[in-house]
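Read through the structure below, which is laid out as structure tokens, and then see the notes.
Read the figures in this text as sums done on the coordinates, not as results from a lab. Source: prediction; values computed, not measured. Positions of Cβ are generated from backbone atoms using ideal geometry, with glycine treated the same way; all protein chains shown enter the neighbour counts.
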Amino acid sequence: MKLHELSIVKAHTLLKAKEVSSKELTQSVLERIAEVDDRVGAYISVFEEDALKTAEKADKDIAKGCIGPLTGIPLSVKDLICTKGFRTTCGSKILENFYPPYDATVAKKLKEAGAVIVGKTNMDEFAMGSSNENSAFKVTRNPWNLERIPGGSSGGSAASVASNMCLGSIGSDTGGSVRQPASFCGVVGMKPTYGRVSRFGLVAFASSLDQIGPLTKDVSDCALMMNVISGYDPKDSTSVPEDVPDYTASLRQGLKGVVAGIPKEYNSQEGLDPDVYNAVQDAVRKLEELGIECVEVSLPHTEYAVAAYYVIAPSEASSNLARYDGVKYGFRDMSQDDLINMYRTTKSKGFGTEVQRRIIIGTYALSAGYYDAYYGKASQVRTLITDDFRKAFEKCDVILSPVSPTTAFKIGEKIDDPLTMYMLDVFTLSANLAGIPGISVPCGFSKDNLPIGLQIMGKHFNEQVIFKTAFNFEQATRFHERKPGL
Ligand code: GLN
């Protein structure tokens, strides 16, 4: 096995035993990036020199016996997490030359843990999208099939993990952007409970929905990264002062006594790729064999989730993105000689089509006279959806569903049809509306060899039961061991 192919847990064992150095590991990852990233396009920036320096420092710490689970481990980070002094573009022309003067809390935690950040990954502009085609810089390709999208908006992160261009990655999930690309690229991705991981220094898209989460090669690595990034942060007023359990401790507990809810509203074959339907059915059966008890639950307001999300997310985005006015940050169009026109052309040239579409929808939905009919109504629907989950979780510990109704589609196939693209988020965005945690874990392959993900959702702040369900499933099926032939 080549060093860049290792999981975090295995690399840590070798580092600790001094059988490999972080420098060798990092070099191997950098060579892998040089070998395949011109085909995949997962990275916007690679910090070769800095990564090697950090790796050398990690090796010195390890020599002194100072080693934590992420010391010396090469990781990638989605390009909307502020990294002090290192370019953070958010996939947008408007932030093309933005060098943050501070670290996001998550970046700080990774650095303090001794992790080596090798680069920043490509993404849909401002995290708006499901295919990574909305990046202002480049297309990212799915390592399993280079004609296909990797999913979005954390598609660069998912592709970088799937093609071994890092050992693990950090993404963000506002309506599915960690779980959906994880599912399309055959890796593990978790969206934690809202408030579990600090959003300080995460470039805001829709503040009441955004959560940072890890993408990894397996469930153990995911639990391990969650241990490092979780926890209360006084700099994020929505972060919750709850104790963080050791997520790796719950993995090996059996599934006896765990009850899984199967939402009847999700259980129709309509609009669902038959390969996805079958893989998820098989996964449910497998979990039953492993000791889980399945019951039917109901999430009656599911059909309104997409509509509510696509009012709330653009509304919050329109407010958050007002700050990019050509004055305070980033790109300014210099062709105008008065202020109002400078604002206008800066935004027209700085933002891509999808971002402009969302700003227009959001501004409309929030405007006087329309607020109650749109944002207000969507917020009421959001409460009903949250309540659906609360009631369902009276009967079960986890809820099982597909992550996406399809596997990775072709580049260009849906980009001109935003509504169809929005509909594909049907299984993931309810978790963001309700603030609950969810994971995507590989559960099979389509006939054309594309990965499929199983979604496991849990109650607020009960990531542990999700992890143990996912871990038991992974160990029994081992889909995560299949790798793309890049
Ligand atoms: N696809 C969804 C959107 O476009 C979700 C994106 C995300 O989670 N960042 O809004």
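Listed here are the pairs K349/K414; K23/K468; K93/K191; K286/K414; K217/K447; K10/K120; which of them are more than 25 Å apart at the Cα?
Values: K349/K414 23 Å; K23/K468 33 Å; K93/K191 27 Å; K286/K414 33 Å; K217/K447 22 Å; K10/K120 23 Å.
Distance filter (> 25 Å) returns K23/K468; K93/K191; K286/K414.
From the backbone phi of the range 56-73, what are the Karplus-calculated ³J(HN,Hα) couplings (6.51 cos²θ - 1.76 cosθ + 1.60, θ = phi - 60°) in whole Hz, Gly and Pro given as x?
Computed from phi, the couplings for the range 56-73 are 4, 5, 4, 4, 5, 4, 5, 4, 7, x, 8, 9, x, x, 10, 4, x, 8 Hz.
Over the range 15-107, consider all pairs of different Cα atoms and compute the Kirkwood hydrodynamic radius from their mean reciprocal separation; express it in Å, one decimal.
This gives a value of 14.6 Å.
Given H placed on each backbone N at 1.01 Å, which residues far from G168 in sequence or on other chains put an amide H within less than 5 Å of it?
S76
Tell me which trypsin sites (Lys or Arg not before Pro) from the range 210-255 have a DSSP coil assignment and no more than 16 other beta carbons within 10 Å of their own.
Taking the range 210-255 and a limit of 16 other Cβ atoms within 10 Å, the loop trypsin sites (Lys or Arg not before Pro) found are K235, R252.
If packing is taken as the average count of other Cβ atoms within 10 Å, what order do 399-409, 12-22 fall into, highest mean first? Walk me through the numbers on the way to the answer.
Numbers: 399-409: 24.3, 12-22: 16.4.
In descending order of packing, they fall as 399-409, 12-22.
I need the phi-derived Karplus couplings for the range 451-466: 6.51 cos²θ - 1.76 cosθ + 1.60, θ = phi - 60°, integer Hz, Gly and Pro marked x.
x, 10, x, 9, 9, 10, 10, x, 6, 3, 6, 10, 5, 4, 5, 5
Once amide H atoms are placed 1.01 Å from N in the peptide plane, what residues at a sequence separation of 5 or more from G453, or on another chain, have their amide H within under 5 Å of its amide H?
For G453, the qualifying residues are V403, S404, C443.
Per residue of the range 146-162, in order, report the coupling 6.51 cos²θ - 1.76 cosθ + 1.60 (Karplus, θ = phi - 60°) as ³J(HN,Hα) in whole Hz, putting x for Gly and Pro.
3J(HN,Hα) across the range 146-162, in whole Hz: 5, 7, 10, 6, x, x, x, 8, 8, x, x, 4, 4, 5, 5, 6, 4.
Less than 9 Å Cβ to Cβ from T302, Lys/Arg counted +1 and Asp/Glu -1: what total charge do the surrounding residues give?
Counting the neighbours of T302, the net charge comes to -3.
Taking amide H atoms as placed 1.01 Å from N in the peptide plane, list the residues 5 or more away in sequence, or in a different chain, whose amide H sits under 5 Å from that of V297.
I262, K264
Which value at 222 nm does the chain reach when only helices count, each DSSP H run of 4 or more adding -39,500 (n - 2.57), with the total divided by all residues and rounded to the nearest 500 deg cm²/dmol?
One gets -11500 deg cm²/dmol as the mean residue ellipticity at 222 nm.
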